[in-house]
Amino acid sequence: MKNKRLDLSYSQMKWETIFKRILVIMSAILLIIVVGILITLIMQSMPSIKSLGFGYLWGKVWDPVQNIYGAYPFLIGTLLTSFIALILSIPFSYAIAIYLGEYNPKGWLSNLLKNTIELIAAVPSIIYGFWGLFVLVPIVRSFEAKIGVAPYGIGIFTASLILSVMIIPYAASLGTSLIRMVPSPLKEGAYALGATRFEVIRSVILPYTRSGLFAGVLLSLGRALGETMAVTMLIGNTSAVPHSIFAPGNTMASVIANEFTEADHTVYLSALIELGLVLFFVTVVINLIGKRIITKYANN
Amino acid sequence: MEHTVVSASKFNAWFGDNHVVKDVSIKIEKNQVIAVMGPSGCGKTTFLRCINRMHELIPGATAKGSLKLYADEIYTMNPIYVRYKIGMVFQRPNPFPNLSIYDNVVAGYKLNGLKVAKAEMDNIVEKSLTSAALWNEVKDSLHKKGTFLSGGQQQRLCIARAIAMEPEVILFDEPTSALDPISTSSVEQLFHELKANYTLIIVTHNMQQAARVSDKTAFFYLGELVEFDETKQMFTAPKDNRTQNYITGRFS
Amino acid sequence: MDARIGIRNTKSVLFKGLIIFLAFIITIPLIIILLYIIKQGVLQVNWHFLTNVPAPVGETGGGISNALVGSLIIVTMSSIIAIPVGILAGIYLSENPHTKLAYYSGLCVDILQGVPSIVVGIVVYFWVVKPLGTFSAISGSIALAIMMLPIVIRSTEQTLKLLPDTLKEAALSLGVPYHRVILKVIIPCGFAGILSGIMLSVARIAGETAPLLFTAFGNPYLSTAITKPMQSLPLLIFNYATSPYDDWHNLAWGASFILLMFVLLLNIFTKLITRKWNIQL
């Protein structure tokens, strides 16, 4: 038995080394994937970058038939939908965060709300889009008719509406955790001076969590920028600069979704991929900044 | 001299640049209970962990010098084989929560893939649990998970687990500091019975425990082995001033 | 003085009311959407619906069997790719938190978590679809696997970091080699957390459409060939919902119902598991 154990110990050591090496390789795969994504996007955008230069970003006309490519309509479309969605969703996200973080952190009602918010995040975006197409669009259409605007139904406004619902969970759940982290002594000091609940929230909790809540906004924004399917179905697939928020348009993600498989020549395809490259950079930067702010906040 | 089971000669250990064990030389004989005591940070636990090569698992930890199991240098042996021969019991009882009591006792075999016939395994379980004075309390719940056991029982389960591997030496790292007095005395009772078959090296913070259970005591201070002597001698007439100061409570 | 305090108190109560109103009103859209999907979709689902492919334009009837089978195959393949890589990478990150590789690898996990799904689709198109010369289920699975990775890795890493060090020490002191300590002690003890991470990532990708648009592409027929285009539930919903045909809309409602139920049940099931196992741990 003694010799068997000695032999075993040597073969175990060999497997130990192999296993540790596998762990390293698996982690390195992540680096390879991210670098690979970056390289592929850059390489495939090259034809467009070379022939169109950077004026592409300000070009207001996107006409594949005539081989004219300008990304401006999509930058506007993306910014409009994302920011309108943000503005619409922030009050609700913050209200949820304040309720779950401060007024009612425990209990069945709190759990119910928390689970509901998580369900909102779990519903696939295609389903939001499908519902939006058949329920929200007619409503918006009649609303637009009432206020005297061209009643498309689809358009920037409708896409922003559905997007605002979809991004609520991100700022809400982050905000909840941040508000729960506010140290009790800080709050108690304010109460001891006779502050009301509202005043404690306004003058202690909100300032304390300000940077973290901002990070939550950034993360919601990052999510909104990259959202594709619901927006694609509701925005109207029009590659022109939208003249009002009720007009149809396109975002960077939606035009890629709509036209990628139809792009028949190199510069066309490459122009679409360049949009993907811009989208990649912007969302990555926003997400990393947001995460960095949160880590700094948590470490304090 | 064939009775010397663990011996160290000018043995040193570091955490990075921090020199925590300095030129320790000691000869430990078979079938004895050795207590290792000293104030916090004196290097006693580090030295203990070098014996079964657990020290090197911490990043930046190094060791130099001679440390032998019988005639073999521990640091040239296969570390896995060293740990088969030298078992360890820790400060907080740590039975595996996902394994039954039975599987916990033979964890050293099962986790290592050491093939043992069922009948022999049953035998090992009974023998180890008996030696750990736990057999009667658990023999009807061998296949339950050990979460219902008290702290003292869990620690005895860990002792059974170490014994099951049939080691030469069992190391104890403050084995009763997390236990209540009754559990503590049941474990101390075990030391007395175990030394017939094993050599026990026990790091302890508790001077009274060292005086109660051990044949010889080693006193560590600031990384050095200050004194190593028969326990009775150490506690009545220590040879070194520092030992005297520690025993009389001048510092702890 | 009293009047001022009274006003401040009133403000506080009003504020609380506002917060509660805003917080709970948001549940209304969710409930409306869920009920609508259920209403439209539950009637579509019957045995015929589940076992037939979509009928051509103009014919009624038909079903979504190609999408069901396709989703099953694609999601399973994604899981086979992403789960081992994700768990092993998560193990590395939790065991070696201070190495350079851990820092950059962790950074990449954060980056991947934020990459829009359509961008992943583009990239995998060039990595797999172009070289193979055809859209394929396997390319879709690779794209979805890339999206699963961050979730599996982070949940594995966080679960393992919560396990006490004494567990590893106990096993190591018995002479158990490192790989067996991880595989036979650490992972089984962290099983609940790792499993919930896996289930959440599956629920996430089961509903993803964008990465499949240019990889799996879709298929009107039932196919099990992984190197050929394959249909999936989200793709079917997208294509048929945006078509002008009522019959196809009905198919899309039925498919939406099934997809929604699957995703919701998986999420609820995950919550139950974490609650149950956490109590025991």
Q: Please work out if residue A:20 is exposed (fewer than 14 other Cβ atoms within 10 Å of the Cβ), within 30 Å of residue B:76 (Cα to Cα) and within 14 Å of chain C (Cβ to nearest Cβ).
A: no
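Hey, among B:144, B:195, B:139, B:118, which residue is surrounded by 16 or more Cβ atoms within 10 Å (Cβ to Cβ) and basic (Lys, Arg)? Give the derivation first.
Working: B:144 fails: surrounded by 16 or more Cβ atoms within 10 Å (Cβ to Cβ); B:139 fails: surrounded by 16 or more Cβ atoms within 10 Å (Cβ to Cβ); B:118 fails: surrounded by 16 or more Cβ atoms within 10 Å (Cβ to Cβ).
None of the other options fit; the residue is B:195.
Rundown of residues vs (1) closer than 27 Å to residue B:155 by Cα; (2) modelled with pLDDT of 95 or more; (3) within 14 Å of another protein chain (Cβ to nearest Cβ), yes/no style:
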site	(1), (2), (3)
B:29	yes, no, no
B:32	yes, no, no
B:52	yes, no, yes
B:57	yes, no, yes
B:60	no, no, yes
B:69	yes, no, yes
B:81	yes, no, yes
B:85	yes, no, yes
Q) Assuming residue C:240 fulfils every condition listed in (1) in a helix (DSSP H, G or I); (2) closer than 30 Å to residue A:34 by Cα; (3) at pLDDT below 95 apart from one, which condition is it? A) (2)
Q) Do we find a residue being more than 8 Å from chain A (Cβ to nearest Cβ), surrounded by fewer than 20 Cβ atoms within 10 Å (Cβ to Cβ) and assigned to a helix (DSSP H, G or I) anywhere in region C:113-121? A) no
Q: Those residues that are more than 7 Å from chain C (Cβ to nearest Cβ) and aromatic (Phe, Trp, Tyr), I need them from region A:279-293; list them, please.
A: A:281
Q: Give region A:27-38 a look and list any residue that's closer than 12 Å to residue C:101 by Cβ and buried (at least 21 other Cβ atoms within 10 Å of the Cβ), or say none.
A: A:27, A:30
Q.
Which residue is farthest from the chain's Cα centre (by Cα), if the candidates are limited to region C:238-277 and must be farther than 11 Å from residue C:44 by Cα and of a type in the set (D, E, K, R)?
A. C:246
Q) Among the residues of region A:203-231 satisfying the criterion of being out of contact with any helix residue (DSSP H, G or I) (no Cβ under 6 Å at 6 or more places or on another chain) and hydroxyl-bearing (Ser, Thr, Tyr), which is nearest to residue A:162 (Cα to Cα)? A) A:208
Q: Could you please let me know if residue C:79 is in contact with a Lys or Arg (Cβ under 8 Å, 6 or more places away or on another chain), among the polar types (S, T, N, Q) and in a helix (DSSP H, G or I)?
A: no
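Answer with yes or no whether residue A:195 is out of contact with any strand residue (DSSP E or B) (no Cβ under 7 Å at 6 or more places or on another chain), within 14 Å of another protein chain (Cβ to nearest Cβ), hydrophobic (A, V, I, L, M, F, W, C) and in a helix (DSSP H, G or I). Reasoning before the result, please.
Details: out of contact with any strand residue (DSSP E or B) (no Cβ under 7 Å at 6 or more places or on another chain): yes; within 14 Å of another protein chain (Cβ to nearest Cβ): yes; hydrophobic (A, V, I, L, M, F, W, C): yes; in a helix (DSSP H, G or I): no.
Taking the combined requirement at face value, the residue does not satisfy it.
Check whether at least one residue in region C:75-83 is under 30 Å from residue C:247 (Cα atoms) and not basic (Lys, Arg), and report yes or no. Before the answer, list the steps.
The first filter runs over region C:75-83 and keeps only residues under 30 Å from residue C:247 (Cα atoms), leaving C:75-76.
Now restrict to residues that are not basic (Lys, Arg): C:75-76.
Yes - at least one qualifying residue is present in region C:75-83.
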(Q) I'm trying to understand the selection: among the residues of region C:164-184, which are more than 14 Å from chain A (Cβ to nearest Cβ) and either in contact (Cβ under 8 Å) with a residue 60 or more places away in the chain or out of contact with any strand residue (DSSP E or B) (no Cβ under 9 Å at 6 or more places or on another chain) (or both)? (A) C:164, C:165, C:166, C:167
Q: Would you be able to tell me the number of residues in region A:273-300 that are over 20 Å from the mean Cα position of the chain (by Cα) and either modelled with pLDDT of 90 or more or of a type in the set (Val, Ile, Thr) (or both)?
A: 0
(Q) Looking at region A:44-59, can you tell me whether even one residue there is within 11 Å of chain C (Cβ to nearest Cβ), buried (at least 18 other Cβ atoms within 10 Å of the Cβ) and either in a helix (DSSP H, G or I) or among the β-branched types (Val, Ile, Thr) (or both)? (A) yes
**Q.** Search result, residues across region A:115-156 that are of a type outside the set (A, V, I, L, M), within 25 Å of the chain's Cα centre (by Cα) and more than 10 Å from every other protein chain (Cβ to nearest Cβ)
**A.** A:153, A:155
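The values are calculated or read from the model by the stated rules, or taken from the named source; none is laboratory data. On a predicted model such as this, the values are computed, not experimentally measured, just so you know. All Cβ positions, even for glycine, are placed from backbone atoms using ideal geometry, and neighbour counts span all protein chains on display.
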